[in-house]
Amino acid sequence: QALLSPQGRQIFAQRKIDVEPVFGQIKACLGYKRCNLRGKRQVRIDMGLVLMANNLLKYNKRTTQN
């Protein structure tokens, strides 16, 4: 029901712009498909490292272009 409202549709459309490309890049560029760890702490650390690697790749790409 929430997605059927105008505000819900707007939020869902924005999610496609903000969130989905990041996960696609992580899967395509880093080959990260799933987490093999258990526990919130370990998964949080693992995702932090993956996101940090993704940010470093984006940073490197931007600095080498200029």
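Remarks
- Those helices (runs of 4 or more DSSP H) of the chain in which at least 1 residues are surrounded by 10 or more Cβ atoms within 10 Å (Cβ to Cβ) and at pLDDT below 85, considering only elements entirely within it, cover 6-18, 20-29.
- All positions within segment 13-66 that are within 29 Å of ALA2 (Cα to Cα) and polar (S, T, N, Q): GLN14, GLN25
- Contact map, segment 10-39: first residue farther than 16 Å from MET52 by Cα, second residue surrounded by 12 or more Cβ atoms within 10 Å (Cβ to Cβ) and of a type in the set (Asp, Glu), Cβ cut-off under 6 Å, separation 6 or more or different chains; pairs are LEU37/ASP46.
The values are calculated or read from the model by the stated rules, or taken from the named source; none is laboratory data. What you see is a predicted model; the values in this text were computed from it and never measured. Counting neighbours? That spans all protein chains shown, and the Cβs are built from the backbone with ideal geometry, glycine included.
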